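All remarks here apply to the structure that follows.
The values are calculated or read from the model by the stated rules, or taken from the named source; none is laboratory data. Bear in mind that the values here come from a model prediction, so they are computed numbers and not experimental data. Quick reminder, even Gly has a Cβ in these numbers, built from the backbone with ideal geometry, and neighbours come from all protein chains shown. What goes into the accessible areas is simple: the full protein's heavy atoms, side chains included, and nothing from ligands, DNA or RNA. Shrake-Rupley method; radii C 1.70, N 1.55, O 1.52, S 1.80 Å.
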Amino acid sequence: MDKETLIKNLNDDLSNELGAIIQYITYAAKATGPYRPQLASFFLAEVTDEQGHAQFLANKIVALGGEPCTTPVKVPAAGSNRAMLEAVLEAENKAVAGYTTRAKEADEFGDKGLAVQLEDMVRDESGHSEETERILRDWPL
């Protein structure tokens with residue numbers, strides 16, 4: 001794993017985190033119905049974790065000599081609470097897969113600290129994914 005490829009991949013992750021922040025904020029605003037307070041709180045509670053991930057990634061990219069991206073991935077449009085939760089679940093599962101791969105790349109590059117931090121981020125994103133799955137499990141149609 002070379003440094004330039006690792007920086008590029010970390011920037012892809014940063015773009016995903018920036019998109020996740022936007023996704024959670026906008027979905028909190030768009031939540032409707034009798035579960036709106038709980039959904040809005042659920043979505044907004046995730047912003048802090050995603051912001052922390054984004055800050056870590058930006059700092060690491062700079063430490064490696066790169067320039068952090070400022071462009072988020074496109075946030076999927078979602079017209080219902082269920083669609084929002086499904087989009088969140090998809091994004092969280094993508095983050096788990098991405099950080100799992102990135103941790104291996106960090107090991108290959110020889111940066112154990114980065115690998116450990118990315119594994120911690122896998123744990124965080126897995127928890128978000130599991131919680132979203134549990135909410136969706138008995139969600140009314």
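Here are a few things to note about the model shown:
- Evaluating residue 30 against the criteria (1) touching a residue at least 12 places away in the same chain (Cβ under 8 Å); (2) open to solvent by less than 40 Å² (accessible area, probe 1.4 Å); (3) under 27 Å from residue 140 (Cβ atoms) leaves one unmet condition, (2).
- Long-range neighbours under 7 Å by Cβ, at least six apart or interchain, first residue farther than 14 Å from residue 127 by Cβ within the stretch 91-105, second at pLDDT below 95: 105/1
- Residue in the stretch 35-57 that is open to solvent by 30 Å² or more (accessible area, probe 1.4 Å), in contact (Cβ under 8 Å) with a residue 60 or more places away in the chain and among the acidic types (Asp, Glu) present: yes
- Checking 105, 92, 119 one by one, the residue that is open to solvent by 60 Å² or more (accessible area, probe 1.4 Å), at pLDDT 95 or above and either of a type in the set (D, E, K, R) or under 19 Å from residue 20 (Cα atoms) (or both) is 119 and no other.
- Residues of the stretch 62-93 that are basic (Lys, Arg) and in a helix (DSSP H, G or I): 82 alone.
- Selection of the stretch 7-17 for residues being of a type outside the set (D, E, K, R) and either touching a His at 6+ places or on another chain (Cβ under 6 Å) or under 12 Å from residue 68 (Cα atoms) (or both) yields 7, 9, 10, 11, 14, 15.
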